[in-house]
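See below for the structure under consideration.
Derivation of every value follows stated rules applied to the coordinates shown; laboratory data play no part. Only a predicted model underlies this, so the values are computations on that prediction, with no experimental measurement involved. Virtual Cβ from ideal backbone geometry, glycine too; neighbours counted across all protein chains shown.
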Amino acid sequence: MIMIELLKLCGFESREIDLELPRVKKAFNKLGITADDIERGKQRLHKYYDIELKGVRKVFGFYLRELIDSVLAREEGKTKVIYAYMAPCVEAISSAVISKSKEVHMTVQPWAFEIVLGNIFDKMVPILEASEKKWLKAGAVAHCGNVKSFLGIIALDLIPRPDLVITSGFLCETAPKTLDLLHELYGFPVFSCDACFDIELWEYPEGQKRATDLAAKSMRRLTERIQDIVGFEITDDMLSEVLDARSTFNAAIDKLRDIIANSDKLPISATHDIFWAYFGELTLSIDGIAGAVDALNTVCEELQERVSKGMGVVEKGAPRIMAMLPPHQSDPRLEHLAGEVGLAIVTSDNNFMVPYEKTSKDPYVVICEEYLWSSLSSTPAKRIPLIIEACKKLNIDGVLDRFHAPCRSVAGDALIIKDAVEKELGIPVLLLEWENFDPRAYNDEEYKRRLGVFKSIMIKRAT
């Protein structure tokens, strides 16, 4: 009964529960999720999320289904299993593959594990500890928690042995090194997509176009490798069909973010931002994308109703905050605390793209452009003007400059962003060192004190 209650909170309808309950039980047993864990998960859903919203429940369901599908892939007859890890742009290829064949399981790891096991069940620490017993150093920020998460679920045998693991240098330089070690220790076949970010300001947009073309060529080589494994051709038309479907999905996400960012009262807690941030990175078939769009449209309708009624999760007039980076992957406490302190985190720089001219219909170029022109993928010379312009447009009162300390890419930008925003806009910037994937790094007392001071500075500045 308690598991049925949890599934209802995650958007499962009665008929689906009858069909899926045996699978869920089997997956939960393998993951070590007990009745006590399920009860704790229910409590956390009610505490941290607006679970009364039907659309939110629907979105949660997509993450839970992907987790279950990953755990049971081999047992349920998938003949080929392919994982992407820190490999942005692979989602479109994954969607094309699973839309073509029901015998292939292809997904991005470990997003669903971190989001479901971490945010809902608070069970990521054992996975992190399992990786630390291998070669990664113990400690909250000694190595990136995302690297630990992927290694941990493999070390604990929570997912089937893959036929291929894919990564890239698009964002994380540690990811290809991690896959090299996995190949040596476990014998997994691996593939790394090429990337180049040595771009000077004066090279824009030519340098960025050059990086995009390089990435697109590497993605084509990846497709050739996947074709050899799955035994069928992945055509440009298949990818274009996925991109057409994803354009509707992207429009729904943009509408949702606009509602949140432009409302007088923040209509939904920032704890939900992680679910919007990685929804598009789940592996969804063409039909699955349509279902995801329906879920997002439902959320939009429900939030529009809240806005029309003047409802919000923080007081009207609360300081409006832009946060750097996506929210914590496996722990909602910082975003929840910000709301309790009275801060309205209305957006993240991760939501914005550097303007660029679309000149190619090559699906691989289109796929790579959608990521490589984003804020996180751009050099500070382009990322900072994007942040400043968004702050002006949204009337931002302060910037939460949180940075993932184990990542040299984002940690290196943090001070530059702080100095530029303070100089250009004169608004306060809170520089906050944290670990984006490891809940053990959370410090409630310190964060509450610093967020309180941050708020008082903004209020004083406004008077």
(Q) If each residue of separation counts as 0.36 nm, what is the full-extension length gain between Leu431 and Leu415 once their alpha-carbon separation is subtracted? (A) 5.0 nm
Q. Is the shape of segment 383-463 rounded, prolate or oblate, going by the alpha carbon gyration tensor and its root eigenvalues a ≥ b ≥ c, with a/c under 1.5 for rounded and a/b larger than b/c for prolate?
A. oblate
Q: For the pairs Lys255/Lys316; Lys418/Lys448; Lys58/Lys382; Lys133/Lys217; Lys25/Lys54; Lys148/Lys361, note any where the Cα-Cα span goes beyond 31 Å.
A: Lys58/Lys382; Lys133/Lys217; Lys148/Lys361
Q | Under 21 Å from the Cα of Lys80 - lysines, other chains or at least 8 residues apart | A | Lys26, Lys30, Lys100, Lys102
**Q.** Compactness of segment 265-412 - radius of gyration and Dmax, Cα, Å
**A.** 16.7, 47
**Q.** Tensor-based shape of the chain (alpha-carbon gyration tensor, a/c under 1.5 rounded, otherwise prolate or oblate)
**A.** rounded
Q) Along segment 44-54, what does the Karplus equation 6.51 cos²θ - 1.76 cosθ + 1.60 (θ = phi - 60°) give for ³J(HN,Hα), rounded to whole Hz, x for Gly and Pro? A) 5, 4, 6, 6, 9, 10, 7, 5, 6, 7, 4
Q.
Using each residue's phi in segment 222-229, evaluate 6.51 cos²θ - 1.76 cosθ + 1.60 at θ = phi - 60° and report the 3J(HN,Hα) Karplus result to the nearest Hz, with x for Gly and Pro.
A. 4, 4, 4, 5, 5, 4, 4, 7
**Q.** FRET efficiency estimate (nearest 0.05) - Cβ-Cβ, Arg40 to Ile459, R0 41 angstrom
**A.** 0.70
Q) Per-residue HN-Hα couplings for segment 58-74, Karplus 6.51 cos²θ - 1.76 cosθ + 1.60 at θ = phi - 60°, whole Hz, x for Gly and Pro? A) 4, 4, 4, x, 5, 5, 5, 5, 5, 4, 5, 4, 5, 5, 9, 3, 5
Q) Leaving out same-chain residues fewer than 8 places away, which aspartates and glutamates sit with a Cα under 16 Å from that of Lys123? A) Asp36, Asp37, Glu39, Glu114, Glu132, Asp157, Asp331, Asp438
Q: First measure r as the distance between the Cβ atoms of Glu233 and Lys102, then evaluate 1/(1 + (r/R0)^6) with R0 = 25 Å and state the FRET efficiency to the nearest 0.05.
A: 0.90
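Once you have the alpha carbon radius of gyration of segment 85-173, what is it after dividing by 2.2 N^0.38 Å, with N set to its residue count?
Segment 85-173 yields a ratio of 1.16.
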Q.
What FRET efficiency comes out for Glu206 versus Met1 if R0 is 45 angstrom and r is the Cβ-Cβ distance? Round to the nearest 0.05.
A. 0.15
Q: Per DSSP H run of n ≥ 4, the term is -39500 (n - 2.57); total these for the chain, divide by its residue number, and report the mean residue ellipticity at 222 nm rounded to 500 deg cm²/dmol.
A: -17500 deg cm²/dmol
Q) Where both partners of a DSSP beta bridge lie in the chain, what percent of those bridges are antiparallel, to the nearest 5? A) 5 percent
Q | 5 angstrom amide H check on Leu325, placed H, neighbours 5+ away | A | Asp349, Asn350
Q) Using all Cα-Cα distances in segment 47-199, what percent lands in each 10 angstrom bin from 0 up to the longest? A) 10, 37, 36, 14, 2
